Amino acid sequence: MKLNLYRTNSLSRQVVSLMSGCIIIFIAGTGILFYQLQSLHAEYLQKRQSIVEKQLLVEEILDQYHTVFLTMPASDVFDKDGLKDEAIQEEASLRKKIEEFRAIASSKEDRIISDKLETFSDDYFGGIQISAQISDFRGLIKSYLNNLADKRDENVKNLTKEQSILQGVFVGFVLFFLFICLFIVRSIIRNIGKPLADFSVAANEIAAGREAVISVNENRMDELGVLSVAFKKMLASVQDKEQELMAHNEELLAQQDELQAQQNELQVTLGIIRDNEQKLTRRNELINGISSTLDKNEVLNSIVVNMSNIISADRGMIALVHEDSSSSFGISENGVKQFRNNIDSGLNYRLLKEKKPFTIKREQLDAEKGYHENTNYSYDLYLPVLSTFQEVDAIMVFSRYGTPFTDQEVEECETLAKQISTSLDKIKLYEQTEGNRRLNQDILNTIKEGIQLIDQDGKVVQVNQPFCDIFKTGSTPEQIIDLPWEKWSAEMTGQMEGDGFSRSLDEAFQHLEATNHEQRSFTFKKKETNQVIKVYFEALRYREEGFGTILVYRDITKEYEVDQMKSEFVSTVSHELRTPLASVLGFAELMLNKPLKPERQIKYLQTIYNEAKRLTALINDFLDVQKMESGKQMYEKKYVDILPILQKVIEHLEINTEHHDIQLQVETTDLIILGDRIKIEQAFTNLLSNSIKYSPDGGKIVVRVCSRNDKLSVDIEDEGLGIPKESLPHLFQKFYRVDNSDRRRIGGTGLGLAIVDEIIKSHGGEVTVVSHYGHGSTFTISLPRVAQKEMGPNHDRQSMKLSYEIMVIEDDINLAELLKYELMDSGFHVNYFNSGRKAFQELKNSPPDAIVLDILLEEGEMDGWGILRELKISADLKEIPVFISTALDEREKGLSLGANDYLVKPYKPRQLSKVIMHTLLSTRKKGQILIPHSCNEGDQV
Amino acid sequence: MMKRILLVEDEEVLRMLVVDTLEDEDYVVDEAADGIEAVKLLKNRTYDLIILDYMMPGYTGLEIIEKIQSSEIKNQGKILMLSAKSQQFEQERILEAGADYFMAKPFSPLKLIEQIEVILHEAESLQN
């Protein structure tokens, strides 16, 4: 019972016991069969042994008998004892053997044979002559032996037969065993597989959510039983759980419904919030739009667009009341114009008066209606933008189709209008400040000095354009403002010669508090441009609190250069004067203190005289140069013929030289120049005396006057020493003397050519030189040529110096007289008219060289502007320079109409003639009186 | 023995003045009109005194002094510089450069003689 329980408790144990049972049965069956086989074999062997033994024994017996048969008769015959003994012995052994045989005789036959054998032997040895029996005996034995052999064969046959029976039994056993095995397996499958399959089906059913029945016997004790119980329990619990879940689910569904309701509520609230948010966003946009820029138009635009958005207006506009600025949305240009024109009338007037917003309901215009046929209404909202002083700054109007404006909207708009007002105020303020800033910058830029304002940390706060030009070529104030101290001072130092700038700056800043003005400035030189710049400092204070420093950069290059030149000049002059002075003083001293021979006295006196003369010449030259350099040299330019000047110079110099042949060659007839006779004479004198001086061995000197490149050229060609090539570029420098031994005996100040150069340049000409060292030099002076257009027969050279024709148009006779005298005094011919029309008539007949014009002429007359316009459109007259002399201060208009100059009465005496002269001289090529013989392409404008 | 003096001066008139003055006092005077000529002469012989103008074509007086101080022209006597540059700092510069004496233009020929006598006397006594 216990074993059974143990077995039935476990499937594996069941299987194991079944398997071991099978194996035991199998081994036992096999063992039994094997044993049967073995015993069969042993039996066979035993039988075979006994048969073989019998056979052998019988055969021996037979053999012995044969021997006996042979010997027995002989003994009888011969009767010899020996033989007889022998036969007895034989008989004994035979008997013994037969006994043996009897012992082993097992079957009936054997016993018959043994009996026979016994009988035979008894007979035989008993002496009974049984010769006949012998052969019977032999036959009997022989058949017995054959029998035995047969028996043996039969035995073998039996063995084989039994063996095959046994094999058959074995096969049967195996088959039986296999059948048993099959049965066991089947039962196992039925016992385990089926319930498992049932389980799987049930599990599937459960998984699929259907009812499941478990057909496994619950009373089973094995695992499946346990499983079945557990499964059932599980099923029960699953069902419980499911029910629980169902209940839960229902609960949840209820909750969900509740939530849905809440959500719907929230959605509604959200919609409201969103609306508010949108409103706020639009408001924000409005505020951002108006505060993100300071550009008025941009702000106005953004106001209109955003306001229209906020109140969903279809069109709208804003217009400033005091300024011509407006912006609109959905309104045509004409509409805007119309509104602007009526800014202070109609409904706008009401708004300006009431200063309160109002709305208007009106029927839609056809244009507004679109394709709608029935009557629709449009609503206009008029909104004022009030300034801080409660003045209407701007008017806003918005139109909406169909929907009237609610009070709430209007109120909101009023609030927004306040915001807008603030921003408009801000813009106004900004424009003012910006205007002031620009004005300040313009003022700063107009100042010639560079101005730089830095704060307490040295950062650049403000600069003007001249400072930028000093700071770095091409830079602008924007690039420099906000640069820190280190950067700009380093940049400045880089631009200046040496590295003194930074140091001077630092030093100067240490002396910022000093009262001594000198300490608050320093000077430096700019590398690139060689500008000399002086920097002044001044600390800036605001309520006793320093907030920065202003630096003023003054370009003192000119002053500096003049200073340099002056000191250089003084030093050179003193040196140049000392040499002749040394001779004069030295020789005079010798003459005074030493007894000298008369020849030496004369020689010394001559030297003193020459040196004194040289001193005089030097002093004159110095004075000339000084005058020229300081710009004080005045040239009295007149139309002069160059020929008499040259003749005079040659004549003058010829006296002093005997071995020079001076020839004057004139190759042109246009000999008039505009120049200062004395200075021109000086220039030629200098050149010609140089030629004489530097051709100490005499020779020909040619003075050639010709027309070359539209200029009047005078060549002075000598056959003297010539000038080394390397000296040519320095030739016209002051105090430059060609440095070679040939010239050492030739005295000079080194100023002659510099003076010539200066004079000729002042006359608009130039001096050039060509020289072959050792073969002579040619100096050429070229001067601009002038010629008269109409050289009438009575115009001789003297009257060439004649003057310009000036037409004066002026209705005030006294003033006209005054002008006339002034102009005539300056050498002009004056024609005066008090009427514009008359003057214009005359103008066409004989055009003057210049016109002096009053603007305000007698009533009913063509006024000055009219005359000026007429002149400038006429092809023949537009070149005539016009000078306006009037009490009317409209200089720009005058100049833009083409006047050459505009003088506002009262002006300084001689200013008019100066201006006219200046213009005529500078534009003489275009003038009526003075025209070039042939103009260069470039000059013809 | 007669003292030999070299006069280097580009102005002919001044040269005449100095030469006349010195020859009256029995000095032997060699003339040079510029620095190049002077150096040529200095290479040939030794002078007891060299009178140098400051501003000259060729070499300036200072350049000639430099040459005398360098190995090129050795064993020369004293140097007297004549110069129109009479300012204090210029004098100092000339003396620093190696001239022994300085006389400003315009100069007195009589004073020049006096000065030369003093110089040569000093040199002589130094030698002895």
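Values quoted throughout were computed directly from the atomic coordinates according to the rules given, and no laboratory measurement underlies them. Source: prediction; values computed, not measured. Neighbour counts run over all protein chains shown; Cβ positions are idealised from the backbone, glycine included.
Given points 7 Å out from each Cα along the Cα-Cβ axis, report the A:THR529 to A:VAL769 separation in nanometres with one decimal.
Going from the A:THR529 label point to the A:VAL769 one covers 3.4 nm.
Any idea what angle helix A:677-693 forms with the longest principal axis of chain A, computed on alpha-carbon atoms, 0 to 90 degrees, nearest 10?
Helix A:677-693 sits roughly 80 degrees off the main axis of chain A.
Under 16 Å from a point placed 7 Å out from the Cα of A:PHE179 along the Cα-to-Cβ direction: which residues of segment A:20-58 have their backbone N that close?
Hits in segment A:20-58 for A:PHE179 at 16 Å: A:26.
Anything over 21 Å Cα to Cα? Flag those among A:LYS97/A:LYS142; A:LYS613/A:LYS637; A:LYS566/A:LYS637, in the order listed. Show your work: numbers first, answer last.
Working: A:LYS97/A:LYS142 17 Å; A:LYS613/A:LYS637 30 Å; A:LYS566/A:LYS637 28 Å.
Over 21 Å apart, Cα to Cα: A:LYS613/A:LYS637; A:LYS566/A:LYS637.
Over all directions, what mean area does the Cα convex hull of segment A:234-383 project, stated in square nanometres?
Details: hull surface 70.3 nm².
For the Cα atoms of segment A:234-383, the hull's average projected area reads 17.6 nm².
Starting from the Cα of A:LYS279, draw a straight line to each of the lysines and keep only those under 20 Å, dropping any in the same chain fewer than 8 residues away.
A:LYS418
Along the charge dipole of the protein assembly as shown, pointing to its positive end and built from +1/-1 on Cβ of Lys, Arg, Asp and Glu, which listed residue (B:LEU14, B:ALA97, A:GLN260) has its Cα farthest out?
A:GLN260
Can you tell me the length gained on complete extension of the stretch A:PHE26 to A:ARG708, counting 0.36 nm per residue apart and subtracting the Cα distance?
Numbers: separation 682, 0.36 × 682 = 245.52 nm, distance 15.41 nm.
Once the chain is fully extended between A:PHE26 and A:ARG708, it gains 230.1 nm.
Compute the signed sum of charges (Lys and Arg +1, Asp and Glu -1) over the other residues within less than 11 Å, Cβ to Cβ, of A:ARG340.
Working: positive: A:LYS337; negative: A:GLU323, A:ASP324, A:GLU333, A:ASP344.
Around A:ARG340, the surrounding residues sum to -3.
Cα centroids of segment A:315-331 and segment A:432-502: how far apart, whole angstrom?
Between the Cα centre of segment A:315-331 and that of segment A:432-502, the gap is 42 Å.
Work out, step by step, the length gained on full extension between A:GLU411 and A:THR669: first 0.36 nm times the residue separation, then minus their alpha carbon distance; give nm to one decimal.
Details: separation 258, 0.36 × 258 = 92.88 nm, distance 9.71 nm.
Contour length minus the Cα-Cα distance gives 83.2 nm.
With r as the distance between the Cβ atoms of A:LYS838 and A:GLU354 and R0 = 45 Å, compute the FRET efficiency 1/(1 + (r/R0)^6) and round to 0.05. Each step should come with its number before you reach the end.
Working: r = 65 Å, r/R0 = 1.44.
For A:GLU354 and A:LYS838, the calculated efficiency is 0.10.
Have a look at the DSSP beta bridges in chain A and tell me what percent are antiparallel, nearest 5. Walk me through the numbers before you get to the answer.
Working: 76 of 99 bridges.
In chain A, approximately 75 percent of DSSP beta bridges are antiparallel ones.
Rounded if a/c is under 1.5, else prolate if a/b beats b/c, else oblate: with a ≥ b ≥ c from the C-alpha gyration tensor eigenvalues square-rooted, which is segment A:562-616? Can you show the working numbers first?
Values: a/c = 6.44, a/b = 3.11, b/c = 2.07.
Here segment A:562-616 falls in the prolate category.
Ignoring everything except DSSP H segments at least 4 long, calculate the 222 nm mean residue ellipticity for chain A; use -39,500 (n - 2.57) per segment, divide by total residues, nearest 500.
-19500 deg cm²/dmol
What list do you get for A:GLU810, A:GLU758, A:GLU538 if you sort them by fewest beta carbons within 10 Å? All intermediate terms of the calculation are to be shown ahead of the outcome.
Working: A:GLU810 24, A:GLU758 21, A:GLU538 14.
The order, fewest Cβ neighbours first, is A:GLU538, A:GLU758, A:GLU810.
Under a point spin-label approximation (7 Å from Cα along Cα-to-Cβ), what is the A:ASP641-A:GLN133 distance to one decimal in nm?
Modelled inter-label distance: 22.6 nm.
Report, in degrees rounded to the nearest 10, the 0 to 90 angle that the Cα long axis of helix A:485-495 makes with the longest principal axis of chain A.
The answer is roughly 60 degrees.
Can you list the aspartates and glutamates whose alpha carbon is less than 14 Å from that of A:LYS296, not counting same-chain residues fewer than 8 positions off?
A:GLU323, A:ASP324, A:ASP393, A:ASP425, A:GLU431, A:GLU434
Taking the Cβ of A:SER489 as the centre, find all other residues whose Cβ is under 15 Å away and add up their charges (Lys, Arg: +1; Asp, Glu: -1). Don't skip to the answer; put the middle values down first.
Working: positive: A:LYS459, A:LYS472, A:LYS487, A:ARG503, A:LYS526; negative: A:ASP455, A:ASP457, A:ASP482, A:GLU486, A:GLU491, A:ASP499, A:ASP506, A:GLU507.
For residues surrounding A:SER489, the net value is -3.
Under a cut-off of 29 Å between alpha-carbon atoms, report the lysines in cross-link reach of B:LYS3, not counting same-chain residues fewer than 8 places apart.
A:LYS594, A:LYS597, A:LYS603, B:LYS40, B:LYS43, B:LYS67, B:LYS74, B:LYS78, B:LYS85, B:LYS105, B:LYS111
If each Cα of segment B:4-127 is one equal point scatterer, what is log10 of I(q)/I(0) from the Debye formula at q = 0.10, 0.19, 0.20 Å⁻¹?
Listed by q, the Debye log ratios stand at -0.26, -1.05, -1.18.
Just list whichever of A:LYS638/A:LYS844; A:LYS194/A:LYS232; A:LYS648/A:LYS679; A:LYS820/A:LYS914; A:LYS638/A:LYS914; A:LYS711/A:LYS878 have alpha carbons separated by over 22 Å in the model shown.
On the way: A:LYS638/A:LYS844 29 Å; A:LYS194/A:LYS232 17 Å; A:LYS648/A:LYS679 13 Å; A:LYS820/A:LYS914 14 Å; A:LYS638/A:LYS914 15 Å; A:LYS711/A:LYS878 28 Å.
From the list (A:LYS638/A:LYS844; A:LYS194/A:LYS232; A:LYS648/A:LYS679; A:LYS820/A:LYS914; A:LYS638/A:LYS914; A:LYS711/A:LYS878), the Cα-Cα distance tops 22 Å for A:LYS638/A:LYS844; A:LYS711/A:LYS878.
As a footprinting exposure proxy, order A:THR768, A:THR616 by other Cβ within 10 Å, with the fewest listed first.
If I rank by nearby Cβ atoms, fewest first, I get A:THR616, A:THR768.
Under 8 Å for C-alpha pairs, at least 6 residues apart: give me the relative contact order for chain A, rounded to a whole percent. Can you show the working numbers first?
On the way: 1132 pairs, mean separation 40.8, N = 941.
RCO, chain A: 4 percent.
I'd like the orientation of helix A:81-104 relative to chain A: the angle between its Cα long axis and the longest Cα principal axis, in ° from 0 to 90, rounded to 10.
60
May I ask for the percentage of alpha-carbon pairs in segment A:447-555 that lie more than 15 Å from each other? Spell out each step's value before the answer.
Numbers: 3633 of 5886 pairs.
That fraction is 62 percent.
Describe numerically, in nm with one decimal, the distance between label points set 7 Å from Cα along Cα→Cβ at A:HIS66 and at A:MET246.
11.5
Tally Lys/Arg at +1 and Asp/Glu at -1 over every other residue whose Cβ is under 14 Å from the Cβ of A:ARG350; what's the total?
Values: positive: A:LYS353, A:LYS355, A:LYS356; negative: A:ASP344, A:GLU354, A:ASP380.
Net charge around A:ARG350: 0.
Over segment A:382-429, what is the relative contact order in whole percent, taking alpha-carbon pairs under 8 Å and six or more residues apart?
Numbers: 37 pairs, mean separation 20.2, N = 48.
The value is 42 percent.
In whole Å, what three semi-axes, largest first, describe the equivalent ellipsoid of chain A built from its Cα gyration tensor (square root of 5 times each eigenvalue)? Kindly include the intermediate steps, with their values, before the conclusion.
Numbers: eigenvalues 5140, 847, 188 Å².
Each semi-axis is √(5λ); the values are 160, 65, 31 Å.
What ranking of A:SER727, B:SER70 emerges when the number of other C-beta atoms within 10 Å of each C-beta is taken as an exposure proxy, fewest first?
Numbers: A:SER727 16, B:SER70 9.
Exposure proxy ranking, most exposed first: B:SER70, A:SER727.
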